[in-house]
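Below is one structure; the comments refer to it alone.
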Amino acid sequence: MNKSFQQKPRLLFLYSELADYFIACIRKLVAAYDVEVKVIHWSVNAEAPFAFDFPAGAVFCEKKLFDKQKLVEEIKSFSPDFIYCSGWMDKDYLNVIKGYKHKIPVVIGLDTWWEGKIKQYLACLLSRFTLLNKFSHCWVPGSKQKQYAIKLGFREEAIRTGYYTADVDYFKGIGEACALGKKKKYPHRLIYEGRYYDFKGITDLWDAFISWKRETDNDWELWCLGTGDIKPIEHPAIKHFGFVQPKDIGPFILGSGVFVMPSHFEPWGVVMHEFCAAGLPVISSDKVGSAEAFIKDEQNGYIYHSGNVNELKECIAKATALPDDKLFEMGELSRQLAVKIRPITWADTLMKIIHKQAYEGTK
């Protein structure tokens, strides 16, 4: 039997690593709707040490404060009307949500693409016993993840999209504030924001950029924001700034002209959404999930085959050869594409699940 509620709904989020964009969604949720929100989350990752500004109206608790039994008791005491669980990697979360599916909506977040791997086929075979018996809905970022959700056994009507969104108003506001300056003098800088790991393709970007600089006489620079286990390369036209808090990103958006995301594997990539909202043209590998939503190839950016340094170099050459006014125009299209998904659409999607009296089940 579905649970009905006469007071404001109580929403529980069992979350992995927090990110600023998720906090923005919660902030919009509690501002737009009369709800109680509790978020239980993993500890902050030392390699992405975000300093969060938690919104009033929501309670955030680190998971490490609870042992398994206390976690069960905490959730029972909260008596949720809705549960969201970010994936299936946390076995403690999976354990505590048992038995809720037939009482309230229990939603799993899924950002993995369907790639036809053996592990994915195995997950599909076992999903009746591992996922479909616990979750009523699946929330995905885009069409590639939706394909996987269907293969796992979720009905199409029980799948929602728009699982990830940037804080669009914030980044759009920064971009609009920078627009006049960029129109007068467009900044000749590529920008990368992400961790310094091999799977992020950061060395591909350095190799492509340095090779291109060697072959052409130009004034373009590359700015890199992030940290990781790869040592920052030294080059006179490449600058490294370390990890940058979202509140400090403004000067970097003002000073950059093209965003580059060279990942070898990126299930979605909210950072692309952020820089599109800020009005930058983009260069992306074909392994970035969010490219399907925010890039129109040759119109507001370029897509190349992941790991192909020569193709990446060609994309850099194409973008930087364009007149400044054309780059500005491409950035305007990026901004238009970015507003399709926002924290308010995220909040609306969630509340429609809650208020649907006969919520859809799974196969």
How many of the residues making up segment 318-335 are open to solvent by 60 Å² or more (accessible area, probe 1.4 Å) and under 18 Å from the mean Cα position of the chain (by Cα)? 0
Would you check which residues across segment 284-329 are within 17 Å of T203 (Cα to Cα) and among the charged types (D, E, K, R) and list them? D286, K287, E311, K313, E314
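Would you please name the residue that is surrounded by the most Cβ atoms within 10 Å (Cβ to Cβ), looking only at residues in segment 162-180 that are assigned to a loop (DSSP other than H, G, I, E, B) and out of contact with any Ser or Thr (no Cβ under 9 Å at 6 or more places or on another chain)? I'd like the intermediate steps shown before the answer.
Taking segment 162-180 and keeping what is assigned to a loop (DSSP other than H, G, I, E, B), we get 162-167.
From the residues that got through so far, the ones that are out of contact with any Ser or Thr (no Cβ under 9 Å at 6 or more places or on another chain) too are 166-167.
Details: A166: 28, D167: 23.
Among residues in segment 162-180 that are assigned to a loop (DSSP other than H, G, I, E, B) and out of contact with any Ser or Thr (no Cβ under 9 Å at 6 or more places or on another chain), the one surrounded by the most Cβ atoms within 10 Å (Cβ to Cβ) is A166.
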Can you name the residue in segment 231-256 that is assigned to a loop (DSSP other than H, G, I, E, B) and among the aliphatic types (A, V, I, L, M) and is also surrounded by the most Cβ atoms within 10 Å (Cβ to Cβ) among such residues? I249
Go through segment 284-317 and report how many residues are in contact with a strand residue (DSSP E or B) (Cβ under 9 Å, 6 or more places away or on another chain), open to solvent by less than 50 Å² (accessible area, probe 1.4 Å) and of a type in the set (V, I, T). 3
Residue pairs within 8 Å by beta carbon, gap of at least six or interchain, first lying in segment 320-333 and without any contact (Cβ under 8 Å) to a residue 12 or more places away in the chain and more than 15 Å from E176 (Cα to Cα), second assigned to a helix (DSSP H, G or I) and small (G, A, S), listed first then second, are none
Leading residue by the ranking (farthest from G289 (Cα to Cα)) among those in segment 115-161 that are polar (S, T, N, Q) and open to solvent by 10 Å² or more (accessible area, probe 1.4 Å): N133
In segment 69-95, which residue that is open to solvent by 70 Å² or more (accessible area, probe 1.4 Å) and of a type in the set (A, V, I, L, M, F, W, C) is nearest to L350 (Cα to Cα)? W88
Yes/no for P281 being touching a strand residue (DSSP E or B) at 6+ places or on another chain (Cβ under 8 Å), open to solvent by less than 50 Å² (accessible area, probe 1.4 Å) and of a type outside the set (K, R): yes
If a residue must be touching a helix residue (DSSP H, G or I) at 6+ places or on another chain (Cβ under 6 Å), free of Cβ contacts under 8 Å to residues at least 60 places away in the same chain and open to solvent by less than 20 Å² (accessible area, probe 1.4 Å), how many such residues does segment 96-114 contain? 1
Pick from S285, S306, S290: which is touching a Cys at 6+ places or on another chain (Cβ under 9 Å) and either of a type in the set (S, T, Y) or at pLDDT below 95 (or both)? S290
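Just wondering, is there one or more residues in segment 56-68 that are at positive phi and open to solvent by less than 60 Å² (accessible area, probe 1.4 Å)? Full working, then the answer.
Quick first cut of segment 56-68, residues at positive phi only: 57.
When the remaining residues are screened for being open to solvent by less than 60 Å² (accessible area, probe 1.4 Å), the result is 57.
Checked segment 56-68: at least one residue is at positive phi and open to solvent by less than 60 Å² (accessible area, probe 1.4 Å).
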Those strands (runs of 3 or more DSSP E) completely within segment 1-95 that have 3 or more residues that are touching a residue at least 60 places away in the same chain (Cβ under 8 Å) are 10-14, 82-85
With the requirement that a residue be under 21 Å from the mean Cα position of the chain (by Cα), of a type in the set (D, E) and part of a helix (DSSP H, G or I), what does segment 181-211 give you? D198
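Could we say that T345 is surrounded by 15 or more Cβ atoms within 10 Å (Cβ to Cβ), modelled with pLDDT under 95 and touching a Gly at 6+ places or on another chain (Cβ under 8 Å) here?
Numbers: surrounded by 15 or more Cβ atoms within 10 Å (Cβ to Cβ): yes; modelled with pLDDT under 95: no; touching a Gly at 6+ places or on another chain (Cβ under 8 Å): yes.
Here the answer is no, as T345 does not meet what is asked.
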Report, by residue number, each residue of segment 266-278 that is surrounded by fewer than 24 Cβ atoms within 10 Å (Cβ to Cβ) and touching a helix residue (DSSP H, G or I) at 6+ places or on another chain (Cβ under 7 Å). V270
If only one of D81, D92, D111 is closer than 19 Å to E156 by Cα and acidic (D, E), which one is it? D111
Residues located in segment 195-216, provided they are without any contact (Cβ under 8 Å) to a residue 60 or more places away in the chain and over 23 Å from F50 (Cβ atoms): T203, W206, I210, K213, R214, E215
Being surrounded by fewer than 15 Cβ atoms within 10 Å (Cβ to Cβ) and either more than 25 Å from the chain's Cα centre (by Cα) or part of a strand (DSSP E or B) (or both) is the filter here; which residues of segment 212-230 pass it? R214, E215, T216, D217, N218, D219
For S263, only one of the following conditions fails: (1) within 23 Å of E329 (Cβ to Cβ); (2) polar (S, T, N, Q); (3) buried (at least 22 other Cβ atoms within 10 Å of the Cβ). What is its number? (1)
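The values are calculated or read from the model by the stated rules, or taken from the named source; none is laboratory data. Because the structure is predicted, anything quoted here is derived from the model rather than measured. With ideal geometry, Cβ positions are generated from the backbone for all residues, glycine too; neighbour counts draw on all protein chains shown. Ligands, DNA and RNA are excluded from the accessible area calculation, which covers all protein heavy atoms including side chains. Shrake-Rupley method; radii C 1.70, N 1.55, O 1.52, S 1.80 Å.
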